[in-house]
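K.L.:
Structure provided below as structure tokens; questions to follow.
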Amino acid sequence: LRGDPPSEEEIVSDRDFEWIKYYKLMPVTFGFEIEQLDTDVCSQLRFAYPWHYDGSGPYETALPPSTYPGRKLKGFIDNCRNTPGCTWTWKSEISHPRAPERKAGCGSHIHFRPRKDVEYISAQWVEAWTSAFNTLVETVPLVLPMFCYGLEDQQVFTFRREALYWAKIVKRRVSSATTMRFLDLSYIGHPYDAVAWNRKIVEKPLTIEMRLNETHPAIAYELAILLNRIIRKC
């Protein structure tokens, strides 16, 4: 994940030298949400991380976007494992607290954000956002199996019934002109799209949110690394 180029043993052709010549750093940071049933979260975790009730029902905390959120995820897992009574069976969906006849999904929505601290990204700021968004839109159909977790009463991986209501498939790429509208500080939005321009409040930075991800955070992390590498231009 540090982005090391090939070692001398791995260089076998001129193409490898060209790859090193054009090698670039990871272009985006990423983080994701952890949503579960509130009664599963032990008191130690409640004090260790900021939690709130998600609008769709579950209890949620967020690992903010960073270059290497794996350390934060490992820290969360270690806190659970090393604290008595702080482990539980992962739930992909729960009964909605305000509407028991409905189900609320417990997702690990991934948030991406291009890195302004990387020179070649900041020099092409609008294009970086445009390229990242369009790449994720095109990639979603290929990674759908990794997004779904499955129902507890079925031996099959599937999306919950209301998944496409909360995360509509995006069918159009965006232009740089469209991206500029979302980058404007006046934009506030949280659309129910599979790939969404997300800024809920002015104080929060804009991110590209992957809203179809309903799987366990460990799988979400692996998926985020994969998508990060797909976004990168080598």
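The values are calculated or read from the model by the stated rules, or taken from the named source; none is laboratory data. Here the structure is a predicted model, which means the values were calculated and not measured. All Cβ positions, even for glycine, are placed from backbone atoms using ideal geometry, and neighbour counts span all protein chains on display.
K.L.:
Six or more apart or on different chains, Cβ under 7 Å: which pairs go from a residue in the stretch 72-94 that's surrounded by 14 or more Cβ atoms within 10 Å (Cβ to Cβ) to one that's part of a loop (DSSP other than H, G, I, E, B) and among the β-branched types (Val, Ile, Thr)? Could you list them?
P.N.:
Listed pairs, sorted by first residue: CYS80/THR87.
K.L.:
Considering only the stretch 112-135, state which residues are touching a residue at least 24 places away in the same chain (Cβ under 8 Å) and not in a helix (DSSP H, G or I). Walk me through how you get there before you give the answer.
P.N.:
Kept after step one, since they are touching a residue at least 24 places away in the same chain (Cβ under 8 Å), are these residues of the stretch 112-135: 112-115, 118, 120-121, 125-135.
Listed by number, the residues that qualify are PHE112, ARG113, PRO114, ARG115, VAL118.
K.L.:
OK, next. Output the residues belonging to the stretch 57-78 that are at pLDDT 85 or above and more than 30 Å from PRO27 (Cα to Cα).
P.N.:
Across the stretch 57-78, the qualifying residue is only TYR59.
K.L.:
Please find, within the stretch 190-234, the residue that is nearest to MET146 (Cα to Cα) out of those that are out of contact with any strand residue (DSSP E or B) (no Cβ under 8 Å at 6 or more places or on another chain) and outside any loop (DSSP other than H, G, I, E, B).
P.N.:
ILE219
K.L.:
Looking at this structure, is ILE121 buried (at least 17 other Cβ atoms within 10 Å of the Cβ) and at pLDDT below 85?
P.N.:
Answer is no for this residue.
K.L.:
Identify, please: which residue in the stretch 170-189 is in a loop (DSSP other than H, G, I, E, B) and polar (S, T, N, Q) and is, among those, modelled with the highest pLDDT? Give the steps one after another, and end with the answer.
P.N.:
So in the stretch 170-189, the residues in a loop (DSSP other than H, G, I, E, B) come out as 170-175, 184-188.
Pick out the ones that are also polar (S, T, N, Q) and you get 175, 186.
Numbers: SER175: 95, SER186: 92.
The residue in question is SER175.
K.L.:
Out of (1) within 16 Å of the chain's Cα centre (by Cα); (2) of a type in the set (Gly, Ala, Ser); (3) surrounded by fewer than 19 Cβ atoms within 10 Å (Cβ to Cβ), what's the single condition that is false for ALA196?
P.N.:
(3)
K.L.:
Is it the case that ILE201 is among the aliphatic types (A, V, I, L, M), modelled with pLDDT of 90 or more and farther than 24 Å from GLY75 by Cα?
P.N.:
no
K.L.:
Sticking with this one: Taking the stretch 157-193, which residues are under 30 Å from GLU93 (Cα atoms) and hydroxyl-bearing (Ser, Thr, Tyr)?
P.N.:
Listed by number, the residues that qualify are THR158, TYR165, TYR192.
K.L.:
Hey, another quick one. Are there any pairs with C-beta distances below 9 angstrom linking a residue in the stretch 35-57 that is closer than 12 Å to CYS86 by Cα to a residue that is assigned to a loop (DSSP other than H, G, I, E, B) and among the charged types (D, E, K, R), with the two at least 6 apart or on different chains, and if so which?
P.N.:
Listed by first residue and then by second, the contacts come to ASP40/LYS91.
K.L.:
Determine whether the stretch 24-40 contains at least one residue that is closer than 29 Å to ARG160 by Cβ, loosely packed, with under 13 Cβ neighbours inside 10 Å, at pLDDT 80 or above and not aliphatic (A, V, I, L, M). Write out each step before concluding.
P.N.:
Just the residues of the stretch 24-40 that are closer than 29 Å to ARG160 by Cβ, to begin with: 28-40.
Remaining after also requiring loosely packed, with under 13 Cβ neighbours inside 10 Å: 39.
Now narrow it down to the ones that are at pLDDT 80 or above: 39.
From what is left, the residues that are not aliphatic (A, V, I, L, M) are 39.
Looking through the stretch 24-40, at least one residue is closer than 29 Å to ARG160 by Cβ, loosely packed, with under 13 Cβ neighbours inside 10 Å, at pLDDT 80 or above and not aliphatic (A, V, I, L, M).
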